[in-house]
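Comments concern the structure below.
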Amino acid sequence: MIIGNGLVAAGFSPYAGREEFLIFASGVSDSKHCSAVDFERERNLLTGALEKNPGKRFVYFGTASVADPDLRETPYIRHKIAMEELVRTHAAAFHIFRVSNLAGVSANPNTVLNFLYAHISQGRPFELWTHSERNIIDLADVFQIADHILRKNLFANRTIAIANEKNYAVRYIVKCIEAFTGRTAIYTERAKGSAFQIDISDIQPICRSLGIRFGEDYLPHLLEKYYAGKKKNHPAK
């Protein structure tokens, strides 16, 4: 059973018919421009799902951005932590996956890659935080890792981070997109942001067993995988 219709819900579609699980994949889609109304909508939906499905293994997606000192005190992060606590308090069996920035097929303009790709490919200016980092992982890899955990019932009633083993400086992400599109980004630099580390020690053996490797070509591969079709509409200049 899946609640939600966005990127994560689509990625976990194989669980649509698995009645022993409830995949809660409906949340706030724009972490930077969300309101109290958005938070209350998710809280009500989550509370109702927990009350109506006491016998299911509950899967909730938190955010690995709790490790980012620039974001951890934002209303969005505080909200996500509060939702995690709801799950811990009310679900008899649960898995909380704190995922990082996802790459996948999504119309959401607010994902890291969608935002930067659109601005660079369309010649739109943006602000670049020179010290900022982002952790990007393929939704397909998140599904493989989570599916392995769920099928084997590993880390029951725990909170696990699912993320890339490395963060990328935003400047590096921009350079990769510039190389991919053949366009020069237009941005204003701001000396803001900070480095941070996500602890993925729990999933590293799983990544090795599944053959998931976060090598030097990981980000360029994601661009080719998810943006090759879009590049045809934005020829290089």
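The values are calculated or read from the model by the stated rules, or taken from the named source; none is laboratory data. Keep in mind that this is a model prediction, so the values were computed, not measured. For neighbour counting, all protein chains shown are included, and Cβ atoms are generated from backbone atoms with ideal geometry for every residue, glycine included.
Among (1) within 27 Å of GLU84 (Cβ to Cβ); (2) out of contact with any helix residue (DSSP H, G or I) (no Cβ under 6 Å at 6 or more places or on another chain), where does ILE206 come up short? In the conditions (1) within 27 Å of GLU84 (Cβ to Cβ); (2) out of contact with any helix residue (DSSP H, G or I) (no Cβ under 6 Å at 6 or more places or on another chain), ILE206 misses (2) alone.
The residues on offer are GLY182, GLY193, and the sole one that is more than 22 Å from ARG98 (Cα to Cα) and not charged (D, E, K, R) is GLY182.
When each of ALA9, ALA64 is tested for being surrounded by 14 or more Cβ atoms within 10 Å (Cβ to Cβ), small (Gly, Ala, Ser) and without any contact (Cβ under 8 Å) to a residue 40 or more places away in the chain, the lone residue that passes is ALA9.
Listed by first and then second residue, the pairs linking a residue in segment 173-186 that is more than 20 Å from GLU216 (Cβ to Cβ) to a residue that is of a type in the set (Gly, Ala, Ser) and surrounded by 13 or more Cβ atoms within 10 Å (Cβ to Cβ), with Cβ atoms under 9 Å apart and 6 or more places separating them unless they lie on different chains, are ARG183/SER121. Please determine whether any residue of segment 45-60 is buried (at least 21 other Cβ atoms within 10 Å of the Cβ) and within 30 Å of TYR218 (Cβ to Cβ). Looking for residues that are buried (at least 21 other Cβ atoms within 10 Å of the Cβ) and within 30 Å of TYR218 (Cβ to Cβ), one finds at least one in segment 45-60, hence yes.
What is the residue count in segment 13-47 for residues that are at pLDDT 80 or above, part of a loop (DSSP other than H, G, I, E, B) and among the aliphatic types (A, V, I, L, M)? Residues meeting the conditions: 2. Going through segment 48-76 one residue at a time, which ones are in a helix (DSSP H, G or I) and within 14 Å of ALA92 (Cβ to Cβ)? Scanning segment 48-76 gives ALA49, LEU50, GLU51, LYS52. LEU71 falls short of the stated requirement of being aliphatic (A, V, I, L, M) and modelled with pLDDT of 95 or more.
Taken together, the residues in segment 178-213 that are at pLDDT 95 or above, within 26 Å of ASP70 (Cα to Cα) and aromatic (Phe, Trp, Tyr) amount to 1. Could you please give the count of residues in segment 88-130 that are closer than 14 Å to TYR168 by Cβ, touching a residue at least 60 places away in the same chain (Cβ under 8 Å) and touching a strand residue (DSSP E or B) at 6+ places or on another chain (Cβ under 6 Å)? Number of matching residues: 7.
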